[in-house]
1. Residue under question is Arg11, and the condition is that it be in a loop (DSSP other than H, G, I, E, B) and of a type in the set (Lys, Arg); does it hold?
2. Condition check: of a type in the set (A, V, I, L, M), at pLDDT 95 or above and surrounded by 11 or more Cβ atoms within 10 Å (Cβ to Cβ). Does Leu68 satisfy that?
3. Cβ-Cβ under 6 Å, sequence separation 6+ or interchain: first residue in the range 41-69 and without any contact (Cβ under 8 Å) to a residue 40 or more places away in the chain, partner surrounded by 15 or more Cβ atoms within 10 Å (Cβ to Cβ) and of a type in the set (D, E, K, R). Which pairs?
4. Which members of the range 23-47 meet the condition of being buried (at least 16 other Cβ atoms within 10 Å of the Cβ) and within 13 Å of Ile4 (Cβ to Cβ)?
Amino acid sequence: MSIIPIAPIGRIIKNAGGQRISEGSKEALGKVLEQCGEDISKQALLLAKHAGRVTVNASDIELAVKELE
């Protein structure tokens, strides 16, 4: 079961230009997005801890994305 609702994932694909979207493609993209989000969150948490904070800030997320690229 996906954490991210399927409908917004379908809208993401439509916004990218998709006209017809299978349920399987929505589910597959949802899994990828969730894994990517988890990886970014883990890295951001490490950055916040390194800075002596328990709160993850937007800057931690942005830096985590850059580090994981």
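1. Values: in a loop (DSSP other than H, G, I, E, B): no; of a type in the set (Lys, Arg): yes.
Spelling it out, it is not the case that Arg11 is in a loop (DSSP other than H, G, I, E, B) and of a type in the set (Lys, Arg).
2. Spelling it out, it is not the case that Leu68 is of a type in the set (A, V, I, L, M), at pLDDT 95 or above and surrounded by 11 or more Cβ atoms within 10 Å (Cβ to Cβ).
3. Ala44/Asp60; Leu47/Asp60; Ala48/Asp60
4. Lys26, Leu29, Gly30, Leu33, listed by residue number.
The values are calculated or read from the model by the stated rules, or taken from the named source; none is laboratory data. Keep in mind it's a predicted model, so treat the numbers as computed, not measured. We place every Cβ from the backbone using ideal geometry, glycine too, and count neighbours over all the protein chains shown.
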